[in-house]
Amino acid sequence: MDPKVLAFIVVPIVAAVPLASIFLVPLLWRTIGSVLGWYVRRKTEGRRAQIVELMDGDVRRHNERTRQPTSSSSGSSSSSDESDGWENVDASTAGTASNGEKGEEDWDGIVGFFHPFCNAGGGGERVLWAAIRATQQRWPKAKCVVYTGDHDASKDAILARVENRFNIHLHPPTVNFLYLSTRHWVLASTWPHFTLAGQSIGSLIMAWDAFSLLVPDVFVDTMGYAFALGLCKFLFRDVPTGAYVHYPTISTDMLDSLNPESAVGDQGVNAGQGVGRRGAIKRAYWNLFAKIYSLMGASVDVVMTNSTWTQAHIQKLWGPLRRESSQKANNPIVVVYPPVAVSEMEQEIEVSQESESKREKVLLYLAQFRPEKNHQLILQSFAEFVKTKTEAAKDARLVLIGSVRDDHDSKRVYKLRLLVNELHIRDRVEFHLDASWPDILDWLRKASVGVNGMWNEHFGIGVVEYQAAGLIAVVHNSGGPKLDIVVDVDGEPTGYHATNSTEFAEGFEKALSLPNPSAVRLRARQSAKRFTEEEFAKRWITQMEALVALRKQSVAATAAKKR
Ligand SMILES: *[C@@H]1O[C@H](CO)[C@@H](O)[C@H](O)[C@H]1NC(C)=O
Ligand SMILES: *[C@@H]1O[C@H](CO)[C@@H](O)[C@H](O)[C@H]1NC(C)=O
């Protein structure tokens, strides 16, 4: 055959392949997902019905036992027992709901919380339980199920621990646990090489395990398993997904550390460049991983982060792809601060004009004796401050309170004491090691200023505690204390930022020479209110409402199609 004729035939075919693949592959991909999803749903329909029936039975029995009208608890007497307390606690938060249509509170779908280590008792778990409680209060008929790998813990045991550890009372009938048998797949020890990728594959296996137990109506991950959320979207397009991110799985800092000039989306990773072949492979691997991670993140309907720091990192990774999807662009990545026990401080510590007389010229530094807390900087700053011999510096004392975990900590404390001698501030500095909580509260009551010397602390719960106790904060000008905590209230400062000893000394001077300190204390306390449990619940519910609305939309769309 004439080669020209051949070319006329072959070229269009060759050209058609990539064109077709651009259009057909996504279609094929979606179809595979839908078919698999349909299969999983069918297979688990029976179990879902069983679980719903079981929980409905629990609700009925609970209502019979307490013999209380469930419709409105807000106006009822407060004679109910502890387990009912949860309904009353949050009348204020749930109150926003009544502005909406009547049927709003009646949503009775299943919210699946993906939290395979739910019995760990850490900060991440406090968020999970507070989130479930808020959800229960907003939608009393909704069912919350937690996918967990804690086989050794029964529902009763877990709920008891939640009460003891966090003082959070969940409503038992509408929360349940589904046990995963595949948790070992996400342990770092299972994946000695390529841990990031391995754990992500592990989380896919675990999520498949979860959906094989029950397909929820709304799926929320509270542990940072973005791949599980991606799988959910792949299988069930009608299940809205939510992420609460504490920490990015891969951060742009990590990527930058390998590749100074290159941003995440850089295509031009050059294998011949950089620090040898190993470095190049690692960089390619991390970049590829970051891309897939971003793809997963872009599929998530509602994204929350625990701090501004995390928000900025997630925004960099997930933001660009999310903006391309108009619907996701409507749901920006928001900060939902984790709940801090601010209310306890408010109850325990008075902040008013009268209590001002009980405050002493004490600078308090509440921190473990860890190197990054930079106690030296604070001692040097304090010595500089004392040297100024100003009115404010007269009789000022520095109190260091912290736990000593091991020999290293003890050694550090010893060195700090030596430094105190060298700086000639021995009669002005006190160490209180392993102080009890009542003692700490006492110091928070009588101190004037709260200090934090750590560079780039991600958050700083201690600083929130200072503010809640009415202390004027003098903190490092970086990280969470700068971005999230010690910020202006009504355009007025709640404390001071500093980077070196000179600036810290200036901060102490300013904080101790305020003409009207109690005004600043009250502002600081106001500032801490952003981190209360109530505030968390409010913000959480706003995001959950978006998810529930999406679910209602897709259910309505399916119904319309059937008609
Ligand atoms: C967010 O989570 C990370 C990782 O657990 C933690 O280091 C950080 O302190 C958290 N931020 C807040 C505001 O609790
Ligand atoms: C502290 O920082 C300020 C502002 O950056 C600078 O002017 C000053 O010289 C610094 N002081 C010391 C002791 O480094």
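A short reminder: the numbers here are calculations on the coordinates, not readings from a lab. If you're wondering where the values come from, they're calculated on a predicted model, not measured in any experiment. Cβ sites come from the backbone with ideal geometry, for glycine too, and all protein chains shown count toward neighbours.
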If we sort 181-191, 211-221, 244-254 on the protection proxy, mean other Cβ atoms within 10 Å, highest first, what's the order? 211-221, 244-254, 181-191
Which entries in the list Lys316/Lys415; Lys143/Lys373; Lys155/Lys561; Lys233/Lys282 go over 32 Å, if you measure between the two C-alpha atoms of each? Lys316/Lys415; Lys143/Lys373; Lys155/Lys561
If you average the sequence gap of Cα pairs under 8 Å that are 6 or more apart and divide by the length of the chain, what percent do you get for the contact order? 12 percent
Farthest positive-ward along region 358-470 dipole, Cα basis, beta-carbon charges - from Asn456, Asn374, Leu423: Leu423
For region 187-225 and region 362-432, distance of Cα centres in Å: 45 Å
Added length on full extension, which subtracts the Cα-Cα distance from 0.36 nm per residue, Trp208 to Thr542: 117.4 nm
Which aspartates and glutamates have a Cα less than 17 Å from the Cα of Lys538, not counting those fewer than 8 places away in the same chain? Glu87, Asp90, Glu104, Glu105
FRET efficiency, 1/(1 + (r/R0)^6) with R0 25 Å, evaluated for Leu419 and Asn500 via beta carbons: 0.90
Theoretical FRET efficiency, 1/(1+(r/R0)^6), r = Cβ-Cβ of Asp442 and Ala559, R0 41 Å, to 0.05: 0.10
Taking 0.36 nm per residue of separation and subtracting the Cα-Cα distance, what length does fully extending His408 through Ser352 add? 16.1 nm
Using a simple charge model, +1 on the beta-carbon of Lys and Arg, -1 on the beta-carbon of Asp and Glu, nothing else, what dipole does the chain show about its Cα centre, in debye to the nearest 20? 1800 debye
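Considering only region 439-563, what is the antiparallel percent among its DSSP beta bridges, to the nearest 5?
That works out to approximately 10 percent antiparallel.
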Take Arg67, Arg405, Arg551 and order them by how many other Cβ atoms sit within 10 Å, fewest up front. Arg67, Arg405, Arg551
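Rounded to the nearest 500, what is the chain's calculated 222 nm mean residue ellipticity when only DSSP H runs of at least 4 contribute -39500 (n - 2.57) each, over all residues?
Numbers: 19 runs with 292 residues, N = 563.
Helix-only estimate at 222 nm: -17000 deg cm²/dmol.
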In the chain, what is the volume of the convex hull around the alpha carbon atoms, normalised per residue and reported in Å³? 220 Å³
Give the residues of region 346-371 whose amide nitrogen is closer than 19 Å to a point set 7 Å from the Cα of Glu430 in the direction of its Cβ. 349-350, 356-369
Where a Cα-Cα gap under 16 Å defines reach, which lysines qualify for Lys510, not counting those fewer than 8 residues away within the same chain? Lys361, Lys387, Lys389, Lys394
For Lys562, which aspartates and glutamates qualify as cross-link partners when the Cα separation must be under 17 Å and same-chain residues fewer than eight apart are set aside? Asp238
